[in-house]
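Report on the following structure.
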Amino acid sequence: MQGMDLALLVSPALAGARPHCGGCRPRMSAVSGAGIIAMSSAEPPPGLAPGLRERKKTRTRIAIQRQAIRLFLDQGYAGTTVEQIAAAAEVSPSTFFRYFPTKEDVVIRDDYDRLMLDAFRAQPRELTPVQ
């Protein structure tokens, strides 16, 4: 991703607006030369409201992503370090790595991958890829 320009479509949650409920998580898409990459987190199962700990984790994850995207736009991807992202999000670098294994994961993380794969596998075998 080095040297790649990112045009971002950011949801209100990541743009600074408040999500409509504490259990909702952000959606964000990054459009790059490699295609569209969706980032988001699934909502909790119906009837199961997230606890304080999960809500705090969600806020921290959003803060890290928001600051990373801001820095990538201001300084470029290659010109931004994990330490800068962590400092801007007011977390330590080790906390950054608890949420995102690599700097790339801040941009390409997609919690819907598992859901999409499950939906794909649930389709009848006789369907062609185009259907």
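If R0 is taken as 22 Å, the Cβ-Cβ distance between LEU52 and GLU90 corresponds to a FRET efficiency of 0.70.
Looking at segment 46-131, the trypsin sites (Lys or Arg not before Pro) that sit in a DSSP loop and have at most 14 other Cβ atoms within 10 Å of their own Cβ are ARG125. Residue separation of ASP74 and LEU115 scaled by 0.36 nm, minus their Cα-Cα distance, works out to 11.5 nm of gained length.
Quick note: the coordinates plus some simple rules give every number you see, no bench work behind them. All values derive from a computational prediction rather than experimental measurement. Methodologically, a virtual Cβ is constructed for each residue, glycine included, from the backbone with ideal geometry; neighbour enumeration extends over all protein chains shown.
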